[in-house]
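**Q** Provided herewith is a single structure, encoded as structure tokens, for subsequent inquiry.
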Amino acid sequence: MGENPSSARTADVVVIGGGVIGCAIAFRLAQAHLKVVVLERGEPGGEASGAAAGMIAPQGEMVNFDAFFELCAASRDLYPSFVEEVEELSGESVGYRRDGILMVAADDQHSRELEEVSRSQTRQGLPLERLTAESVHERVPGLSPAVRWGLFVRGDHWVDNERLTRALAKAAERLGVAFRAHTAATRLHVAGGRVSSVETRSASGAANSPISAGHFILAAGCWSCELTAPLGMYLPVQPCRGQMIEFESPRELPLVVRAGHHYLVPRAPRRILVGTTAEYAGYQKEVTGEGLRSILEGAWRFAPLLKDLRFRRAWAGLRPDTADHLPVLGYGEVENLIFATGHFRNGILLAPVTARLISELLLTGSTSRSIEAYRPTRFKARPADDSTQGSTGLLGSSAATGESAGAMNGSRGKKT
Ligand SMILES: Cc1cc2nc3c(=O)[nH]c(=O)nc-3n(C[C@H](O)[C@H](O)[C@H](O)COP(=O)(O)OP(=O)(O)OC[C@H]3O[C@@H](n4cnc5c(N)ncnc54)[C@H](O)[C@@H]3O)c2cc1C
């Protein structure tokens, strides 16, 4: 760490952002006996981490089998022990289910996509099972008769992300982490190439005394650039809105079912989440008619079982997307500021590995897996982009729902 982190400071580490990423990192650092403060503008888990679908599904998600896929798969493999620790320390169940994920084909396009998934994953030696229409309908009653076959991925899982983030915060708190909810970090003070302190403001608008610490971790999701832009750092993280619908169901959905970009996710007790959209509409969290229409139309094609279900609620969350859709991890130009942001569609999946790597980096100065590809300094500022820091549109500002957003986002995975 370069200096004794337990010297006379307000904290050893200040984590900015109490989403799943900030909470998971705080949890790991507290296990290493550091004095950690988490600053959260709202409630822990109140943004993307609470809005997500909770799929832990690198095989169901990824289309490229590169180092990023390996990072995602490594995080999936950490999940069982991660959940065990969090549940034990928090005393809360996080609804972690290991029943696999079913991808189905209800039209020619789905079928072509699934054939490609099947070919490429088989080539990679990844385990997956081809199911006939009969077998798909046996596993999940109520799917459309148009569903003609499917792929079952036993290794992919899902979790109740709201409960997970809450449990992480509780476990971290029990280990001594101080959560300052409704407290925004408003400014980082940098002197001599180091952050010396962070200014904060309470929800009431009152400014508090600055907090000094040995290290600062920026885990503020799609708002991360608000704190780096005043320091002249270029961090192309922007919000990508995802809308979700929740229904009550008389029967449990036995597992996650997805077709193309649309999916159904079981949520206890007897709820079904239906998602989603991928829209570049700035920091707007509205649920829109267009968003709901796009989700329902997509889901209807393979899951008419929704037609009699009682609507419960709908919401939107802002995924932290980056210019290359990869996370931002590690040190940038400032000596004691670590970035842990930009997890886009995979922050729930990536929480365990991110927490492990960031805590290793802070505690030992190195990581057990290379994070070079995710370094914060990899982005080259373009003059046209500067105006977008902290506002909208690094990739375009128009709203995009349904299939068109996939093209805007390049080919790094499906929508979650
Ligand atoms: C509809 C939808 C579905 C998704 N489905 C999945 C899925 O199935 N699987 C998956 O792996 N991922 C999924 N994701 C993505 C996942 O939700 C995100 O990648 C993840 O939640 C990012 O976590 P985070 O902690 O970085 O961000 P956030 O959860 O947004 O947390 C950042 C926190 O920082 C706080 N903050 C911001 N600025 C400040 C400040 N200045 N001071 C103090 N606090 C601040 C915010 O209030 C917020 O609570 C989905 C996302 C959406 C929207």
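The values are calculated or read from the model by the stated rules, or taken from the named source; none is laboratory data. As the structure is a computational prediction, the values presented were derived from the model and not from experiment. All Cβ positions, glycine included, derive from the backbone under ideal geometry; neighbour counts span all protein chains shown. Protein only, heavy atoms only, side chains kept; ligands, DNA and RNA dropped before computing areas. Shrake-Rupley method; radii C 1.70, N 1.55, O 1.52, S 1.80 Å.
**Q** Sum -39500 (n - 2.57) across every DSSP H segment of at least 4 residues in the chain, then divide by the residue count to get the 222 nm mean residue ellipticity, nearest 500. Mind showing how you got there, number by number?
**A** Working: 12 runs with 125 residues, N = 416.
Result for the chain, helices only: -9000 deg cm²/dmol.
**Q** So, one more: Using every alpha carbon pair in the chain, what percent of pairs falls into each 10 Å bin from 0 up to the bin containing the largest distance?
**A** Pairs per bin, as whole percents: 5, 23, 33, 25, 11, 3, 0.
**Q** Can you return the aspartates and glutamates within cross-link range of Lys170? Criterion is Cα-Cα under 20 Å, with same-chain partners fewer than 8 residues away left out.
**A** Answer for Lys170, where 20 Å is the Cα cut-off: Asp12, Glu40, Glu43, Glu47, Glu84, Glu85, Glu87, Glu88, Glu92, Asp160, Glu162, listed by chain and number.
**Q** Still on this model: Tell me the label-point distance for the pair Glu129, Arg313, using the 7 Å Cα-to-Cβ offset, in nm and rounded to one decimal.
**A** Those two pseudo-labels are separated by 3.5 nm.
**Q** Can you bin the range 94-230 into rounded, prolate or oblate? Criterion: square roots of the alpha carbon gyration tensor eigenvalues sorted a ≥ b ≥ c, rounded for a/c under 1.5, prolate for a/b above b/c, oblate for the rest. Please list the in-between numbers first.
**A** Numbers: a/c = 3.24, a/b = 2.61, b/c = 1.24.
Prolate shape, in that a/c is at least 1.5 and a/b is the bigger ratio.
**Q** Compute the acute angle (0 to 90°) between the alpha-carbon long axis of helix 108-123 and the principal axis of greatest extent of the alpha-carbon atoms of the chain; round to the nearest 10°.
**A** The answer is roughly 60 degrees.
**Q** Sticking with this one: If the label point is 7 Å along Cα→Cβ of Leu363, which residues in the range 167-186 have backbone nitrogen under 16 Å from it?
**A** What the label zone holds, given the 16 Å backbone N cut-off, is 172, 175-177.
**Q** Now, a different point. Need the list of aspartates and glutamates near Lys380 for cross-linking: C-alpha distance under 14 angstrom, and skip anything on the same chain fewer than eight residues off.
**A** Asp324, Glu333
**Q** Rounded to the nearest 10 degrees, what's the angle between the helix 20-31 long axis and the longest principal axis of the chain, both from Cα atoms, 0 to 90?
**A** Once rounded, the angle reads 50 degrees.
**Q** Only residues of the range 45-89 count here: report those whose backbone N is under 19 Å from the spot 7 Å along Cα→Cβ of Arg154, or say none.
**A** 56-61, 73-74, 76-81
**Q** Roughly how tilted is helix 67-90, in degrees to the nearest 10 and between 0 and 90, from the longest Cα axis of the chain?
**A** Around 80 degrees separate the two axes.
**Q** Quote the FRET efficiency, to the nearest 0.05, computed for Phe65 versus Ser93 with a Förster distance R0 of 56 Å and r equal to the Cβ-Cβ distance.
**A** Working: r = 33 Å, r/R0 = 0.59.
Result of the calculation: an efficiency of 0.95.
**Q** Loop-only check: which trypsin sites (Lys or Arg not before Pro) in the range 162-267 are DSSP coil with at most 15 other Cβ within 10 angstrom?
**A** Details: sites: Arg163, Arg166, Lys170, Arg174, Arg180, Arg187, Arg194, Arg201, Arg241, Arg251, Arg258, Arg267; in loops: Arg251.
Hits after loop and neighbour filter: Arg251.
**Q** Accessible surface of Asp308 in the full protein assembly, 1.4 angstrom probe, to the nearest 10 Å²?
**A** Spelled out: Asp308, probe radius 1.4 Å, area about 130 Å².
**Q** Mind giving me the FRET efficiency for Ser118 and Ala191? R0 is 60 Å, r the Cβ-Cβ distance, nearest 0.05 is fine.
**A** Values: r = 56 Å, r/R0 = 0.93.
So, using R0 = 60 Å, E works out to roughly 0.60.
**Q** Please list, by residue number, every one of the trypsin sites (Lys or Arg not before Pro) in the range 21-124 that is coil in DSSP and has at most 16 other beta-carbon atoms within 10 Å.
**A** Details: sites: Arg28, Lys35, Arg41, Arg76, Arg97, Arg98, Arg112, Arg119, Arg123; in loops: Lys35, Arg41, Arg98.
Filter output for the range 21-124: Arg98.
**Q** R0 = 41 Å: FRET efficiency of Ala146 with Ala229, Cβ-based, nearest 0.05? List each step's numbers first, then the result.
**A** Working: r = 48 Å, r/R0 = 1.18.
With R0 = 41 Å, the Cβ-Cβ based efficiency is 0.25.
**Q** Cross-link partners among aspartates and glutamates for Lys307, C-alpha distance below 16 Å, same-chain residues fewer than 8 apart left out?
**A** Cα-Cα hits under 16 Å: Glu246, Glu248, Glu252, Glu297.
**Q** For Ser204 and Gln109, calculate 0.36 nm times their separation in residues minus their Cα-Cα distance, and state this gained length in nm to one decimal.
**A** 29.0 nm
**Q** Starting from 0.36 nm per residue, how many nanometres of slack lie between Ser370 and Ser81 once their C-alpha separation is accounted for?
**A** Values: separation 289, 0.36 × 289 = 104.04 nm, distance 2.18 nm.
Working it through step by step, the gained length comes to 101.9 nm.
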